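Taking it in order: structure first as structure tokens, then the write-up.
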Amino acid sequence: MFGKKPYFLPACLVLSSLLAMPPAVLADPVTELDFRYRVEFVDQDGVDKEALASTARLQLGLRSAEWQGFDAGVMFHGNRVIGERRYNDTVAPEPRPVVADPADTGISQAWVRYRQGDELEARLGRQRLIDGNARFLGNVGFRQLEQTFDALHVNWRPSDDWDLSLTHLDRAHRIFGTNHPNRLMAEAELDSWLAVVNRHWGDTRLGFYAHRFKFEDRPASHENLGIRLNGPLPGTDAGFHYRLEYARQDGIGDAGPQETQDYWRLELEQRLDGWRWFLGHERLGGDGEQAFQTPFATLHAHNGWADQFLTTPDVGLQDTWLGIGGQAGDWRLLARWHDFRADATSIDLGSELNLLAARPLTGPWQTEIKFAWHNGGDNRPDVSKLWWTLSAGF
């Protein structure tokens, strides 16, 4: 439908929309300024030198006032290396571990939106999209350059109990930057559809989804059909919450035919006064030749912060985790342990410890320290990563 046609020209689209609005609407735009400085250290077995990435990212967003239900927005981004580049940014590879934060400048969002109260919203253009827990579609917000999409996204809420969304993806702009010399890393050309239907009962939500991820530039096309249920655990008032999810995936186009692969997720959490504990299990099916894939997920949020499973191994992946988090004064603390196993064989894929400590500082400033230690198990490297972040939003 959209394909390679110049259907999405986000900057031109927003500019023409702004020109059509009355001058009073444009007189006082809403501005958003986000700054983030990060130091990332990586020590990886099999790579002679460590990586040390010092980068500063600035995002500037502008949004018009609303006029007859319409508004428009644009966001610019810039990421710069501070000091000497001592990491493999994938643009100019070095014999060091990869840190996926290359220097880049561009437009990460440029959209036009129409809203009708809380019932209807339609957004067209380059935009940030996050579905649910971002397991299938997310913005990869931890990285300095976020993932956005040229898309048409429509959300309809006919009542308090129902919401439905339909999304067409024309292009994905990846975290490696719009100016990356390898176009397959910079973007993905798509003709993809996603449909989600949610039914609410208070805090309980039942969702059904169907995805058709059709790639125009690589043999990775596939379809997902899934169901998820989450909310307070029935029959208890002790703060227990759960999540159950199942999906099946089939290859289409150049990627098919392939055996159907299954996805399962089970989570249990107890939320107490100032802290919580949680456990879960996730299975991405694999048969030794192919496996369940989620190429547009916020993958850093799943299967460990060391990012060792950005592509599901052909033998599949079973991830079992246990964690605890809470507040200690101004500090937000989190600890989580993962155990990784292959789905199709008895291969040990390792284990991982994740630790986080974050707190607000003066005014809009906040800081965060994260650590990931990945024990590679059978035939996989050991990896240690440490991050320190200073950020502010205005």
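Gln290 meets each of the listed conditions (1) surrounded by 15 or more Cβ atoms within 10 Å (Cβ to Cβ); (2) at pLDDT 95 or above apart from (2). Scanning region 77-97 for residues that are under 20 Å from Leu310 (Cα atoms) and either in a strand (DSSP E or B) or touching a helix residue (DSSP H, G or I) at 6+ places or on another chain (Cβ under 8 Å) (or both) yields Asn88, Thr90.
Those residues that are more than 30 Å from Trp193 (Cα to Cα) and either part of a strand (DSSP E or B) or among the polar types (S, T, N, Q) (or both), I need them from region 263-296; list them, please. Hits for region 263-296 are Leu268, Glu269, Gln270, Arg271, Trp275, Arg276, Trp277, Phe278, Leu279. The criterion of at least 1 residues that are within 30 Å of Arg80 (Cα to Cα) and in contact with a strand residue (DSSP E or B) (Cβ under 9 Å, 6 or more places away or on another chain) is met, among strands (runs of 3 or more DSSP E) falling completely within region 141-247, by 148-159, 162-173, 187-201. Of the residues that make up region 81-95, is at least one surrounded by fewer than 20 Cβ atoms within 10 Å (Cβ to Cβ), at pLDDT below 95 and of a type in the set (D, E, K, R)? Yes, there is a match, as at least one residue in region 81-95 is surrounded by fewer than 20 Cβ atoms within 10 Å (Cβ to Cβ), at pLDDT below 95 and of a type in the set (D, E, K, R). Look at (1) part of a loop (DSSP other than H, G, I, E, B); (2) small (Gly, Ala, Ser); (3) surrounded by fewer than 20 Cβ atoms within 10 Å (Cβ to Cβ) and you find that Gly138 fails only one, number (3). Scanning region 116-124 turns up no residue that is of a type in the set (Gly, Ala, Ser) and in contact with an Asp or Glu (Cβ under 9 Å, 6 or more places away or on another chain). Of all residues in region 293-337, those being among the hydroxyl-bearing types (Ser, Thr, Tyr) and surrounded by fewer than 16 Cβ atoms within 10 Å (Cβ to Cβ) number 1. Annotation: of all residues in region 103-128 being among the hydrophobic types (A, V, I, L, M, F, W, C) and free of Cβ contacts under 8 Å to residues at least 40 places away in the same chain, the one that is surrounded by the most Cβ atoms within 10 Å (Cβ to Cβ) is Ala122.
Would a scan of region 348-367 turn up a residue that is touching a Pro at 6+ places or on another chain (Cβ under 8 Å), of a type outside the set (A, V, I, L, M, F, W, C) and part of a loop (DSSP other than H, G, I, E, B)? No, there is no match, as no residue in region 348-367 is touching a Pro at 6+ places or on another chain (Cβ under 8 Å), of a type outside the set (A, V, I, L, M, F, W, C) and part of a loop (DSSP other than H, G, I, E, B). Within the option set Ala53, Ala100, being outside any strand (DSSP E or B), modelled with pLDDT of 95 or more and crowded, with 20+ Cβ neighbours inside 10 Å holds for one residue only, Ala100.
The values are calculated or read from the model by the stated rules, or taken from the named source; none is laboratory data. These numbers were taken from a predicted model, which means no experiment stands behind them. With ideal geometry, Cβ positions are generated from the backbone for all residues, glycine too; neighbour counts draw on all protein chains shown.
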